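K.L.:
Could you have a look at this structure, given as C-alpha cells, before my questions?
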Amino acid sequence: MHDALMLEHLELPSALLCTSNFAHTARVMAEQLGHGDYPIIEIDHPIGRLDGKGLSDRIDQALEKVVEQLM
C-alpha cells in the first residue's frame, strides 16, 4: 500500500493488487495513511503455490480492473 501511494504522489499511476487474505490489512493501511478511498484490486488467495495456468487465471481475474485504474 505504501509503495502504491508513494508512486501516486510522484504522479505515476499505480494499481494495488492484493489477495483476499490481505485486503483488509491493505484497507486499514490506506486509512492510516490518509487514503481510505484508494482502490484495492482484490484477487483470490493464495497465489504462492500456483502453477503458470493458475497464476494466469488470477491475472485474468484482475486485468480489466488494473487497466481501468491506470487509465
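Any read-out appearing in this document is the output of simple, stated calculations on the displayed coordinates, not a laboratory observation. From a predicted model like this one, the values you see are computed outputs, not experimental measurements. Positions of Cβ are backbone-derived with ideal geometry, glycine not excepted, and every protein chain shown enters the neighbour counts.
K.L.:
With the contact rule set at Cα under 8 Å and sequence spacing of 6 or more, what percent relative contact order holds for the stretch 2-70?
P.N.:
32 percent
K.L.:
Quick one: if you stick a label point 7 Å off each Cα along the C-beta vector at Leu63 and Ser14, how many nm between them?
P.N.:
Going by the 7 Å Cα→Cβ label model, 2.5 nm.
K.L.:
Of the residues Glu11, Glu31, Glu42, which exhibits the maximal mean-square fluctuation in a Gaussian network model of the chain defined by a 10 Å Cα contact cut-off?
P.N.:
Maximum among the listed residues: Glu11.
K.L.:
Also, quick follow-up: In units of 2.2 N^0.38 Å, what is the alpha-carbon radius of gyration of the chain?
P.N.:
1.14
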